[in-house]
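Inspection log for the structure reproduced underneath, given as structure tokens.
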Amino acid sequence: MTVTLQTSSRNSHSSFSALPQVRNAIRLGGEWVHGEGKLYTVTNPATGELVQEINQASAEQAKQAIDLAYTAWRESEWRTCYPHDRALVLHQIAGLIDDNLERLAWIQTLNTGKTLKETRALVGSAAKTFRYYAAAVETQEGTLTTQRGPWQTQTTFEPLGVVAAITPWNSPIASDAQKIAPALAAGNAVVVKPAEWTPLISMALMELVTQSDLPDGLVTILPGKGSVIGDVITSHPKVSKIAFTGGTSTGRRIAHEAAERLIPTTLELGGKSPTVVLEDANLEQALQGVLYGIFSSSGQSCIAGSRLFVHQSLYREFVEELVRRTTALNIGPGTDPDTDVGPLVHTRHRDSVAAYVERARAEGGTVLCGGRVPADPALAAGSYYEPTIIEGLTNSSLTAQEEIFGPVLVCIPFADEEDLVEQANDTVFGLAAGIWTPNFFRAQRLAERIDAGTVWINTYKQFSISTPFTGFGDSGLGLDKGRAGLAEYSKRKSLYWGTSEEPMSWGKHG
């Protein structure tokens, strides 16, 4: 079967004439089986049209999947094979992703509304993530620790078992890869629950994984509701780690579940990230960086720079130009190469964003641009919302404190560095921040004082798989990416080798 893309006049030049449908099945052990859960209709956020219907997994199938994953992990040689053999398989998966880049990008665009430029980059990033962890595990070393007695000591890495991974809807294939790749590299099995709204790209990735030499059953994708599948996999006794990316309230529940069972968890949660424009900033560089930081991905990013702090000496000039550039952004479907801001992922999410903007008005905020659904009739069927800039609110307002997860920016002037740091840190979140200044010493000082796991200086929203990513406060626990991210999917064991032939001196025979 195929899906024929419905293209408007705006994107008729962009086509993928016959996009193969994602296999409507789940992989249990070594077999494709029909999902026994609810039938879910996946729609295109840009048009509201049907993309594909998916049979979600049932709770019983989720339990079965974990049991089968545990059996596969115990009985295959994956957990005990040499790291370089695991690396070969990870390279295979990376190659399969690259070979299917265009198809995967279109699937993700149709399912999430993101622009093809972004989804192509995300698919490429997923392939690079598998390659990075192939290299990381092949070169991972245990440690011979300092000798402090008649024994030689060393530490080694061992796999945990079955990892439950719960991934978000905003960047699904990249998030999938950032959990699956290090988990497999460390020798584990992985059961993945993608977001209910965006299951297609994860299911397509599963098809590719089965074409590699990875033993059957070590990766399973379970589409379905969090209240059905998520609850099963986070509470199952054979799950040895939970890795979650999503909202803070859900993350708290998962952290509680993991604490009850005394298993490790990695939580990448929400953010309300400050972007700081100092009085000596390169204004062109800062303007473009602020625009990209909040309005790329239609603002649907945990690290979006959603709180803008501008020095009062240039606040009015900067914000007026920012508004001018924001109103010039092209809103449209992700399949149109001229689109800057695509639709939000779902009409329910768009309505949530709109409700936040109405509350901002009620709090006394002034909407400088946006703040509404586009009037263009060609966009009426999609879940679009105009890029929005708001001023006149204090940092203590609910609009400035709560994560909106949409194209909404709150602008706040600041007087001096102390005022800035106090406001920037007045939040429960601590995920990311941006600083715009050519002054190295000032940037370094502010980067150290702002409570955020990632700080960008004269750039924004750039990532490296080799660099750990973490959040403070309500933004999460543990970390992803980097060699440290590989260690998060392993357990450390210490070995003591006695180097003396003399018996231990203890008791009446000592």
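Rule-based calculations on the coordinates, nothing more; no lab input. In this text the structure is predicted, and so the values were computed from the model without any measurement. Every residue, glycine as well, gets a Cβ built from its backbone with ideal geometry; the counts of neighbours run over all protein chains shown.
Some points to look at:
- Among beta bridges from DSSP that stay inside segment 336-481, the antiparallel ones total about 50%.
- Shown here for segment 29-99: GluC sites (Glu not before Pro) in loop regions (DSSP other than H, G, I, E, B) with at most 15 other Cβ atoms within 10 Å, namely E36, E49, E77.
- Qualifying trypsin sites (Lys or Arg not before Pro) in segment 349-454, where qualification requires a DSSP coil assignment and no more than 15 other C-beta atoms within 10 Å, comprise R372.
- Taking amide H as placed 1.01 Å from N in the peptide plane, G434 has its amide H under 5 Å from the amide H of T275, V276, W456, each at least 5 places away in sequence or on another chain.
- Sorted from longest to shortest, the spans of the Cα atoms of segment 299-383 along the three principal axes equal 42, 30, 26 Å.
- 29 Å Cα-Cα threshold exceeded, pairs from K225/K272; K63/K117; K38/K461; K225/K493; K179/K272; K114/K225: K63/K117; K38/K461; K225/K493
- Cross-link reach list, aspartates and glutamates versus K481, counting only Cα pairs under 18 Å and skipping chain neighbours closer than eight places: E138, E141, D176, E268
- Note: relative contact order over segment 179-316, using C-alpha pairs below 8 Å and six or more positions apart, is 18 percent.
- Between 0 and 90°, nearest 10: helix 440-449 axis offset from the chain longest Cα axis: 70
- Pairs of Cα atoms farther than 44 Å apart, the chain, %: 18
- Rg over Rh, two decimals, segment 274-457 (C-alpha only, Kirkwood Rh): 0.96
- Sparsely packed loop sites in segment 362-467 (the chymotrypsin sites (Phe, Trp or Tyr not before Pro) outside DSSP H, G, I, E and B with at most 16 other Cβ atoms within 10 Å) comprise F463.
- Estimated [θ] at 222 nm from DSSP helical runs (n ≥ 4, -39500 (n - 2.57)) normalised by residues in the chain, nearest 500: -11000 deg cm²/dmol
- Net charge of the neighbourhood of L329, taken over other residues with C-beta under 12 Å away and scored Lys/Arg +1, Asp/Glu -1, is -1.
- Near T275, once Lys and Arg are set to +1 and Asp and Glu to -1 for all other residues with Cβ below 14 Å from its Cβ, the sum equals +3.
- Whole-angstrom gap from segment 251-325 to segment 424-457, using each part's C-alpha centre: 11
- Among beta bridges that DSSP assigns inside the chain, antiparallel share in %, nearest 5: 45
- Each Lys or Arg adds one and each Asp or Glu takes one away; over the other residues whose Cβ falls under 12 Å from the Cβ of S212, this sums to -3.
- On Cα atoms only, tilt of 248-261 relative to the major axis of the chain in degrees: 10
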